[in-house]
Amino acid sequence: MKISIVTPSFNQGAYIRKTIDSVLTQAGDFEIEYRVIDGGSTDDTVEVLKSYGDRLRWVSESDKGQVDAINKGLAAASGDIVGWLNSDDLLLPGALAKVAAAFRDHPETEWVHGRCVIIDEQDREVRKWVSAYKHYRCMHHSFANFLTEDYVSQMTCFWRRSMQDDVGLVDPTIKYAFDYEFFLRFAQRGDPVYIADPIACFRWYPESKSGGGFVTQMRETNELAGRYPASPWTRVRARAKEIGIVNIYRALAIARTVGRRA
């Protein structure tokens, strides 16, 4: 089995070495094809990439943003299994062995995803309650439930290249929730296999894209789910969760501001 992983990057020199190491140290009965698509970083990212020699493939050139970089990498991927890992996130030890085992044990499945750990800038685990909630939701997946909120952690998700050929690449017109829209296309085809063990870390910090754009992201998520047929009750649940999640994140932002001033 060959697993292709794509990392889009731009000025993430502070984190990208850890991201790369988390991929290249994976071991098991599979081959890894790893591509870093850098958008012409002006920090030390290119020096970091050069230091790995031929252990990975990379380019550094101007692009149209994160989705453009992701799509370049996904289009070039030659593996049987494909996924992307952002340049500040991490795979946990043994992650790809668990992914490969899930596909081998379930030859009929087209995509798998797993449990995620949320970390901060110093690699400390944070927001355990969010991770626990998403784990619960993933354990009770249905397409109707997925239309009410996005509980699939992108950095834990891997899919068959054959399905990617069918559903196409990531939609570049979506600013924040493009991974959710991509996975909705997967979910419409069939249920995923969920790996209950933690397999990746999502790095959350106020300056990150997700950290700073949660209101727009929640609005996009609800609008994207609205493209699919659903019962009135599912629509009500989706709207209620959008409001609830936005209010929770606003409260957390206020708490952080107060904490800094104290």
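Where a number appears in this text, it was derived from the coordinates with a stated rule and is not lab data. Everything numeric here is computed off the predicted structure, so don't read it as measured data. Quick reminder, even Gly has a Cβ in these numbers, built from the backbone with ideal geometry, and neighbours come from all protein chains shown.
Amide H contacts for Ile118 (H built 1.01 Å from N in the peptide plane; partners 5 or more residues away or on another chain; cut-off under 5 Å): Val126, Phe202. With neighbours defined as other Cβ atoms within 10 Å of a residue's Cβ, the residues Lys98, Lys64 order from fewest to most as Lys64, Lys98.
Note on Lys72: lysines with a C-alpha under 18 Å away, same-chain residues under 8 apart excluded, are Lys64, Lys175. Residues whose amide H falls under 5 Å from that of Thr7, counting only those 5 or more places apart or on a different chain, are Arg35, Val36, Ile37, Leu85, with hydrogens built in the peptide plane.
Among Met1, Met139, sorting on how many other beta-carbon atoms sit within 10 Å of each Cβ, with the fewest leading, yields Met139, Met1. Across the stretch 187-197, rounded Karplus estimates of 3J(HN,Hα) from the backbone phi angles (6.51 cos²θ - 1.76 cosθ + 1.60, θ = phi - 60°) give 5, 5, 7, x, 6, x, 8, 9, 8, 6, 7 Hz, Gly and Pro being marked x.
The ratio of the alpha-carbon radius of gyration of the stretch 18-78 to the globular-protein estimate 2.2 N^0.38 Å is 1.16.
Counting only DSSP H runs of at least 4 residues, each contributing -39500 (n - 2.57), and dividing by the residue count of the chain, the helix-based mean residue ellipticity at 222 nm comes to -13500 deg cm²/dmol. Within the listed set Gly39, Gly168, Gly114, the residue fluctuating most in the Gaussian network model of the chain (springs between alpha-carbon atoms under 10 angstrom) is Gly168. Of Asp123, Asp88, Asp165, which has the largest mean-square fluctuation in a 10 Å C-alpha GNM of the chain? Comparing Asp123, Asp88, Asp165 in a Gaussian network model of the chain, the most mobile one is Asp165.
Of all DSSP-defined beta bridges confined to the stretch 2-261, some 25% are antiparallel rather than parallel.
Taking the chain as a Gaussian network, Cα atoms linked when under 10 Å apart, which of Phe146, Phe183, Phe214 shows the biggest mean-square fluctuation? Looking only at Phe146, Phe183, Phe214, the biggest GNM fluctuation is shown by Phe214.
Across the stretch 1-132, Cα pairs under 8 Å and at least six residues apart give a relative contact order of 33 percent. Taken one residue at a time, the phi angles of the stretch 8-15 give Karplus couplings (6.51, -1.76, 1.60, θ = phi - 60°) of x, 8, 7, 6, 10, x, 5, 10 Hz. Gly and Pro are set to x.
The 3J(HN,Hα) values that the Karplus relation (6.51, -1.76, 1.60; θ = phi - 60°) gives for the stretch 62-76 are, in residue order, 4, 9, 9, x, 4, 5, 4, 5, 4, 5, 4, x, 5, 5, 7 Hz. Gly and Pro appear as x.
In plain terms, if you count all Cα to Cα distances in the chain and split them into 10 Å steps from zero, the share in each step is 7, 30, 38, 21, 4, 0 percent.
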